[in-house]
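S.K.: One structure, as structure tokens, below. Some questions next.
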Amino acid sequence: MIRVEGLSFVRNKKILKNIDLIIREKELTIMIGPNGAGKTTILKIISGIIRDFSGKVFIRDKNIKNLSRRELAKSISFQPQSEEFLLPISVKDVLLAGRYPYKKLFSDYDKNDLDIYDKCIEKFDIADITSRDINTLSSGERRRVLIASAYIQDVPVLLFDEPFSNLDPEGVMDLKRIFAELKKEGKTILVVSHNLEPLYSLTDNLISLRAGEVLYSGERSSTAYILKKTFNMDFERIEHNKQEIFIPHEKQD
């Protein structure tokens, strides 16, 4: 689905160094790494936000440098860690904006757009907040709306940067349920996250980055060892209520 070959990127310093990756179709992949490893940069390159990179990125064998932003938006949706709305905007307008890749300039929403909108608000249980200003929502409500806006874009590939940040336990569990449904529908999902636990049971593959280089890319076996290499500290694996938890140990002098 996504193939990255010899990807490098320089912005004052070398952020990514000759990276090769494959993100398999209809699977959920988590990308981990310390701050500054280049994780968010990779998401921005794959989604077309950053264009001045070296190397090649393919989506279904199409080089993204040969695709317009509108064409790319029909294949990929990217949700950043935080998205600021400087002006008041309703949840409904935020959602319908996800249909822009399919609309001509100044064209109105058609029956297909509105049918997808109706399906979306039911799926994400947000019918009661569609008239509200998104800036007035709680962190959990806002995150659910932003993921819904990615869903309404109706694309096969979904990219998320730290989707669980600033969520309370209820919000985390709600979001885990949404990711499970998206995976069941056959979406290809790439998530950057410092928090492995919520999605670990759904995860097919793990990518580890450090200092702009790939330390590991593959199935999620030997995760504790991969975490140790990535963060330079020991991790203990614990299973609790059929959920795997990785607990870091303090570095020893």
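The values are calculated or read from the model by the stated rules, or taken from the named source; none is laboratory data. Just so you know, these numbers come straight off a predicted model, no measurement behind them. For neighbour counting, all protein chains shown are included, and Cβ atoms are generated from backbone atoms with ideal geometry for every residue, glycine included.
S.K.: So which residues in the stretch 18-51 are within 17 Å of Gln81 (Cα to Cα) and among the aliphatic types (A, V, I, L, M), if there are any at all?
M.R.: Ile30, Met31, Ile32, Ala37, Ile42, Leu43, Ile45, Ile46, Ile49, Ile50
S.K.: Looking only at the stretch 145-176, which residues are touching a Leu at 6+ places or on another chain (Cβ under 7 Å) and over 20 Å from Arg24 (Cα atoms)?
M.R.: Passing the criteria: Val145, Ala148, Ser149, Ile152, Pro163, Phe164, Leu167, Leu175, Lys176.
S.K.: So, in the stretch 157-171, how many residues would count as being assigned to a loop (DSSP other than H, G, I, E, B), surrounded by 17 or more Cβ atoms within 10 Å (Cβ to Cβ) and under 14 Å from the mean Cα position of the chain (by Cα)?
M.R.: 3
S.K.: Could you say which residue among Leu95, Leu72 is touching a Gly at 6+ places or on another chain (Cβ under 6 Å), assigned to a helix (DSSP H, G or I) and not charged (D, E, K, R)?
M.R.: The conditions single out Leu72.
S.K.: I've got another one for you. State whether one or more residues within the stretch 179-202 are farther than 25 Å from Val145 by Cβ, touching an Asp or Glu at 6+ places or on another chain (Cβ under 9 Å) and either charged (D, E, K, R) or at pLDDT 95 or above (or both).
M.R.: no
S.K.: Here's something else I'd like to know. I'd like the full set of residues that are surrounded by fewer than 14 Cβ atoms within 10 Å (Cβ to Cβ) and either of a type in the set (S, T, N, Q) or over 16 Å from the mean Cα position of the chain (by Cα) (or both), limited to the stretch 15-33.
M.R.: Matches in the stretch 15-33: Asp20 only.
S.K.: From the list Lys65, Lys74, Lys92, Lys119, which one is of a type in the set (Lys, Arg), touching a helix residue (DSSP H, G or I) at 6+ places or on another chain (Cβ under 6 Å) and at pLDDT 90 or above?
M.R.: Every option except Lys74 fails the conditions.
S.K.: For the structure I just gave you, tell me whether Lys104 is part of a helix (DSSP H, G or I) and out of contact with any helix residue (DSSP H, G or I) (no Cβ under 8 Å at 6 or more places or on another chain).
M.R.: no
S.K.: May I ask you to list the residues in the stretch 35-49 that are closer than 15 Å to Leu215 by Cα and either surrounded by 15 or more Cβ atoms within 10 Å (Cβ to Cβ) or modelled with pLDDT of 95 or more (or both)?
M.R.: Result: Ala37, Gly38, Lys39, Ile42.
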